[in-house]
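Asker: Below you'll find the structure I mean.
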Amino acid sequence: MELKIEFFGSLCAASTFEINGIKASHLDFGNKGDTSPESAPDYGGCGNMRFITKPCTGEVLKKYGITPREYRFICKQLKENLSFGCCALCS
């Protein structure tokens with residue numbers, strides 16, 4: 001598998017995300033969002049930004065030409081880099 005993934009330094013997104021030469025979407029691997037909006041700073045942002053993985057499907061494996069093990073590796077990278085708790089950089 002050829003994985004190109006780089007994350008913005010201060011945003012909850014990947015600046016580059018390609019798998020085997022195909023532009024990838026985090027939505028194929030899970031969802032990101034604020035799991036604790038009530039804890040967000042008064043001036044805006046997220047209380048607890050988290051990336052929640054979802055089970056792989058044959059459709060996603062075929063789309064990117066990856067194995068279930070590679071899928072899990074990608075999910076791990078997304079979870080480690082898009083889950084960071086409280087943040088107000090976008091506000």
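The values are calculated or read from the model by the stated rules, or taken from the named source; none is laboratory data. Everything quoted here is computed from the prediction, not taken from an experiment. Note that each Cβ is placed from the backbone with ideal geometry, even for glycine, and that neighbours are counted across all protein chains shown.
Asker: With the requirement that a residue be of a type in the set (Val, Ile, Thr), in a loop (DSSP other than H, G, I, E, B) and surrounded by fewer than 17 Cβ atoms within 10 Å (Cβ to Cβ), what does segment 48-91 give you? Talk me through it step by step, then tell me what you get.
Answerer: Just the residues of segment 48-91 that are of a type in the set (Val, Ile, Thr), to begin with: 52-53, 57, 60, 66-67, 74.
This time we only want the ones that are in a loop (DSSP other than H, G, I, E, B), so: 57, 66-67.
Of everything in segment 48-91, those that are of a type in the set (Val, Ile, Thr), in a loop (DSSP other than H, G, I, E, B) and surrounded by fewer than 17 Cβ atoms within 10 Å (Cβ to Cβ) turn out to be Thr57, Thr67.
Asker: While we're looking at this one, here's another question. Surrounded by 13 or more Cβ atoms within 10 Å (Cβ to Cβ) and either farther than 16 Å from Phe84 by Cβ or modelled with pLDDT under 90 (or both): does that describe Gly45?
Answerer: Numbers: surrounded by 13 or more Cβ atoms within 10 Å (Cβ to Cβ): yes; either farther than 16 Å from Phe84 by Cβ or modelled with pLDDT under 90 (or both): yes.
So Gly45 passes the test.
Asker: Within segment 1-29, which residues are loosely packed, with under 12 Cβ neighbours inside 10 Å and of a type in the set (Lys, Arg)?
Answerer: Lys23
Asker: Of (1) part of a strand (DSSP E or B); (2) buried (at least 18 other Cβ atoms within 10 Å of the Cβ); (3) out of contact with any helix residue (DSSP H, G or I) (no Cβ under 7 Å at 6 or more places or on another chain); (4) not aromatic (Phe, Trp, Tyr), Lys32 satisfies all except one. Which?
Answerer: Of (1) part of a strand (DSSP E or B); (2) buried (at least 18 other Cβ atoms within 10 Å of the Cβ); (3) out of contact with any helix residue (DSSP H, G or I) (no Cβ under 7 Å at 6 or more places or on another chain); (4) not aromatic (Phe, Trp, Tyr), only one is false for Lys32: (3).
Asker: Please verify whether segment 62-85 includes one or more residues that are among the small types (Gly, Ala, Ser) and in contact with a strand residue (DSSP E or B) (Cβ under 6 Å, 6 or more places away or on another chain). Before you say what the answer is, go through the steps one by one.
Answerer: Initially, segment 62-85 is screened for residues among the small types (Gly, Ala, Ser), giving 65, 83, 85.
Now narrow it down to the ones that are in contact with a strand residue (DSSP E or B) (Cβ under 6 Å, 6 or more places away or on another chain): 83, 85.
Yes, there is a match, as at least one residue in segment 62-85 is among the small types (Gly, Ala, Ser) and in contact with a strand residue (DSSP E or B) (Cβ under 6 Å, 6 or more places away or on another chain).
Asker: Among Thr16, Thr67, which is polar (S, T, N, Q), modelled with pLDDT of 95 or more and under 12 Å from the mean Cα position of the chain (by Cα)? Don't jump to the end; show me each part of the working.
Answerer: Working: Thr67 fails: under 12 Å from the mean Cα position of the chain (by Cα).
One residue alone meets the criteria, Thr16.
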